1. Have a look at region 1-116 and give its Rg and Dmax from the Cα atoms, expressed in angstrom.
2. Return one quarter of the surface area of the convex hull spanned by the alpha-carbon atoms of region 50-172, equal to its mean projected area, in nm².
3. Taking R0 as 56 Å, what's the FRET efficiency between residue 225 and residue 128 from their Cβ-Cβ distance, rounded to 0.05?
4. Roughly how big is region 343-455's charge dipole about its Cα centre, with Cβ charges of +1 (Lys, Arg) and -1 (Asp, Glu), in debye to the nearest 20?
5. Can you give the FRET efficiency to the nearest 0.05 for residue 214 and residue 398, using r as the Cβ-Cβ distance and R₀ = 22 Å?
6. Once both labels are modelled 7 Å past Cα along the beta-carbon direction, what's the residue 411-residue 475 spacing in nm?
7. Given R₀ = 30 Å, what would the calculated FRET efficiency be for residue 364 paired with residue 290, taking r from the Cβ atoms and rounding to 0.05?
8. Compare the Cα positions of 110, 367, 264 along the charge dipole of the chain (+1 at Cβ of Lys, Arg; -1 at Cβ of Asp, Glu; about the Cα centre) and return the one farthest towards the positive end.
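Rule-based calculations on the coordinates, nothing more; no lab input. Bear in mind that the values here come from a model prediction, so they are computed numbers and not experimental data. Positions of Cβ are generated from backbone atoms using ideal geometry, with glycine treated the same way; all protein chains shown enter the neighbour counts.
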Amino acid sequence: MTYTHDIIVLGAGSAGLTAAGGCAMLGLNAALVERGEMGGDCLNTGCVPSKAIIAAAHRAHDMRTADKYGIKGTKPTVNFQSVHDHIHAAIATIAPEDSQERFEEMGVDVIRGNASFAGPKSITVALNDGGTCEISAPRIVIATGSRPFVPPIQGIENVPFMTNEDIWNLTELPEHLIVLGGGPIGMEMAQSFKRLGSDVTVATVGRPFPKDDDEAAEIVIERLRSEGIVINKNARAQSVRMEDKTIILTTDSGEEITGSHLLIATGREVNFDGLNLEKAGVKYGKAGIEVDARRRTNQKHIYAIGDCRPGPHFTHASGYEGSNIVLEVAFGLPTKVNYKALPWVTYVDPELAQVGLTEKAAREKYGDKITVWREDFSHNDRAITELETTGFVKIVKKGGKVIGATIVGAHAGDMLLPWSMAIAGKSNTFGMASLIVPYPNRAEHSKAAAFASDEAKVFNKWTKGWAAFLAKLRR
Ligand SMILES: Cc1cc2nc3c(=O)[nH]c(=O)nc-3n(C[C@H](O)[C@H](O)[C@H](O)COP(=O)(O)OP(=O)(O)OC[C@H]3O[C@@H](n4cnc5c(N)ncnc54)[C@H](O)[C@@H]3O)c2cc1C
Ligand SMILES: NC(=O)c1ccc[n+]([C@@H]2O[C@H](COP(=O)([O-])OP(=O)(O)OC[C@H]3O[C@@H](n4cnc5c(N)ncnc54)[C@H](O)[C@@H]3O)[C@@H](O)[C@H]2O)c1
């Protein structure tokens, strides 16, 4: 079979951009198909807008609480249209990094349209501006991401609700926001809207931050409650209705929660509708496209990376898996994912940061073979001078080895890097460049500097020559 490309990547989010860009930089003829906005969820409807609103809310909170530093605190005047503009300015500033033009300059063939399998090695694209095109390659990467999952709630079809896809269109502050879901999306938004002036009620199943360390999560929950957010644990949404302009959500315990706006943040479902996976014989389940540790599907030449496969849903996980694809496809190196030093940060205040195993997960795995060490910020001089003494650093060890670290407190996310290095056992620049660093985070620049110092070892005439040789064998 004569192929149009060496590799086809479906989806231009964090996963697909990394895979397609890396392969093209090694000289492969890479196609990247995107039906929506370049940059995917993270840039357009996820990390970037959420971190921008968090920053605005932080400033409002600082104004209200300045008294303790000897500066007269004041009630902030929030112009929500301007907050909206700030959010969209942040997206627009970062957008060129993920743009079609930038990837075309790298040598990627960017095709805008909806991709579906025509066969195991061929793709039909329904082009956004009309018509179709057929492309084919010996290797195909599915990186089609996820979208909000809306649970079955009686009456939901008659009630206006928002998800992470449209909340960024708000130009007026909601009077009373009901947040359904106590995961990172729900809790980051709950604190932001509260600080900007909305009343906020959260309804969730179990405790908020279900994947995080118990003690650390409780510290944040206490802070959120002290800021006036009402949090209903064990409150599964049963039904919802509208009376005049009021939304009334009824939980499975019969409690009624009222508000002016409803945000649904109850997890994700995968974007594989319309991909025609059957035509390629690719297996999938409810949690996503089934993959092995190398992110190969049951069809070994087809990979699935990022949010579209079961596993962690983070930009940095998607980017990491995209880089692994470059090693797999361009260099022919079998590359298993290794998440023993996977970090994540929830950008509430105080920040909640984790790398490796939580204490609970480590106990479940290793029982009393672990030891746990905790240092509170209450006796850290920088924290004392900044009046930010809430929180701690906790490390979990097995013998002499660090296997997990939890940090809750101001700037917690920026403090994770040394623990990632300890868990991964990597300290030189090459090792640092291969670490998974949480997004978005200032420590990413330490990784970037480390990578820059070694970049010539990855992208040079020898590696390009090897990639070209391998690609020729496969054509
Ligand atoms: C509100 C919010 C805040 C978040 N904050 C953070 C954070 O702070 N840190 C963090 O690490 N993660 C965060 N995340 C998670 C992060 O955004 C995702 O894990 C990440 O964007 C997934 O990247 P991806 O490339 O796998 O998928 P996506 O970004 O979803 O990209 C998939 C792309 O594929 C395209 N596509 C789908 N089907 C087709 C098709 N058939 N043909 C062509 N194109 C197709 C889509 O249009 C999309 O552009 C957040 C998510 C949300 C919703
Ligand atoms: N800072 C970050 O890294 C960040 C920020 C936002 C999102 N994300 C990623 O995005 C993904 C999606 O986030 P999310 O918060 O939507 O999902 P999630 O799966 O993490 O949390 C969903 C929450 O909704 C609750 N829930 C589910 N069904 C419910 C119902 N019927 N009624 C009430 N509560 C219900 C769950 O108990 C859980 O607390 C996450 O996996 C996360 O990795 C990351």
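1. 20.2, 74
2. Taking the Cα atoms of region 50-172, their convex hull projects to 13.7 nm² on average.
3. That gives a FRET efficiency of 0.75.
4. For this selection, approximately 640 debye.
5. 0.70
6. In this crude label model, residue 411 to residue 475 measures out at 5.2 nm.
7. 0.75
8. Farthest towards the positive pole: 367.
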